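K.L.:
Take this structure, written in structure tokens, and hold onto it; I'll ask about it next.
Where a number appears in this text, it was derived from the coordinates with a stated rule and is not lab data. Note that the structure is predicted; figures quoted are calculated from it, not measured. All Cβ positions, glycine included, derive from the backbone under ideal geometry; neighbour counts span all protein chains shown.
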Amino acid sequence: MRRSTLCVALALLLGAVAPTAAAGDGLPVPVDGAKTATVTAPDGEGFRYASVATDEHTSLLQIDPDGGEIKGVEGIDGRYSIPLVGLDGTPSGISGDGTRIVLIHPRGFDSSGGFEFPRDESTFVPVDVGPDGRMKAQSPITLRGDFSFDALSPDGRRLFLTEYPSSDYNDYSVREYDLERNRLLPDPVLVAHEVSPDEMRGLPMTRTTSPDGRWEYTLYNGGGRRSDEAFIHTLDTERGISHCVDLPMVEGQSAWRVDLGLSDDAGTLNVTRGDTTLATLDTETFALTEPLAPELTVAPEGGGSPSGLAIGAIAVGITLLVGTALGLRRRRRDAALPADPFGPGDPVAADPAPERDRVST
């Protein structure tokens, strides 16, 4: 399924149950996992992993990217999935160094047939990958309350979660779980500046990750209406600090058509629509710049594009040529008219220039 089609389909699905505002970097409920998904390390190296689940069992497949051969399978009791972090189906859940994968138990349905929210408990399963490539699932982590996957640190030791403590989608906090000590840290993740719920309004459309797995860049649609403004939410998974960058050039209604792409050195993040670059974000300073409008180039004497002086001379020459041509047409026409048989005041004598001979400047 193409990304645009998937975004539209999920947006329609979420229409009746999605929050009017979503915050943090995690995918808002209910779409936080899929029965079948694949993911690879942010740098594109190493194995690809795929989760295939039934209601009672999950198989995590380790796939050789060259040829698609399955190199290993880890079975896990229960239904788990590689987590999704964007409505375009962007997968996540693997550390930057490829040594750890975290799976999520996807959200279920409530008694009325709607997606379960808030749920009473949330479960995650870390899977370690040894130097020899062997996988080993760890004991499930079950947290009381509603949590969704947000991100994983480059070394796989810190798990970031978005917690929804109430039925209000705007009531949330980003939490950190220490996977080495198996405990949820008591304080929410530090934010660079306080952001009101209205500013964080919207759904995550897509995400891109720095090659080392440290930085997560997520595009939000700001609410999804024409009057809304999209924005980029950045999360530093090493220091646990986030930033928000507004995108005034992207309407919320059209954010599903926008992509994010890092430069080769990860120094800039390009915001694109098709082949057009809408803006560029400096990933160090978070300064946002828009491409300059194309300027009329000037050619040096002897070739290339004309200089400004030459352009002006050409414009004057064209004006003179047009004026001369119009004057010749008028003189030829006047010379062809017969002598005035009616005397002064005759319409022929007045003879205003026809509309087609008038030149407006």
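K.L.:
Which peptide among 77-87, 60-70 comes first, and what is the full order, when sorted by highest mean count of other Cβ atoms within 10 Å?
P.N.:
Values: 77-87: 22.9, 60-70: 13.2.
Per-residue Cβ counts within 10 Å, averaged per peptide and sorted highest first, yield 77-87, 60-70.
K.L.:
With each label point set 7 Å from Cα along the Cα-Cβ vector, what nm distance links R183 and D77?
P.N.:
2.8 nm
K.L.:
Based on the Cβ-Cβ distance from L292 to T38, what FRET efficiency comes out when R0 is 51 Å, to the nearest 0.05?
P.N.:
On the way: r = 40 Å, r/R0 = 0.77.
It comes out at approximately 0.80.
K.L.:
Still on this structure, I have one more. Between D212 and D259, what length in nm is gained on full extension when 0.36 nm per residue of separation is reduced by their alpha carbon distance? Let's see the in-between values first.
P.N.:
Numbers: separation 47, 0.36 × 47 = 16.92 nm, distance 2.00 nm.
So the chain would gain 14.9 nm between D212 and D259.
K.L.:
Just want the ordering: H105, H57, from fewest to most Cβ atoms lying within 10 Å of their own Cβ.
P.N.:
Working: H105 21, H57 13.
Result, fewest neighbours first: H57, H105.
K.L.:
Please report the net charge: other residues with Cβ closer than 13 Å to the Cβ of E45, K and R +1, D and E -1.
P.N.:
Numbers: positive: R48; negative: D43, D64, D66, D97, D212.
My count for the surroundings of E45 gives -4.
K.L.:
Can you give me the distance in nm between label points at V52 and E238, each placed 7 Å from the Cα along the Cα-to-Cβ direction?
P.N.:
3.8 nm
K.L.:
Once the piece of chain linking S112 and E69 is laid out straight, how much longer is it, given 0.36 nm per residue of separation minus the C-alpha distance between them? Show your work: numbers first, answer last.
P.N.:
On the way: separation 43, 0.36 × 43 = 15.48 nm, distance 4.24 nm.
Using 0.36 nm per residue and subtracting the Cα-Cα distance, I get 11.2 nm.
K.L.:
Go through 108-117, 144-153 and give me the packing order, highest mean Cβ count within 10 Å leading.
P.N.:
Going by the mean number of other Cβ atoms within 10 Å, highest first, we get 144-153, 108-117.
K.L.:
Summing Lys, Arg as +1 and Asp, Glu as -1, what charge do residues with Cβ under 9 Å from the Cβ of G98 carry, G98 excluded? All intermediate terms of the calculation are to be shown ahead of the outcome.
P.N.:
Working: positive: R100; negative: D43, E45, D97.
For residues surrounding G98, the net value is -2.
K.L.:
If you don't mind, another one. Given a Förster distance of 41 angstrom, what is the FRET efficiency for E45 paired with S139, based on the Cβ-Cβ distance and rounded to 0.05?
P.N.:
Efficiency for this residue pair is about 0.90.
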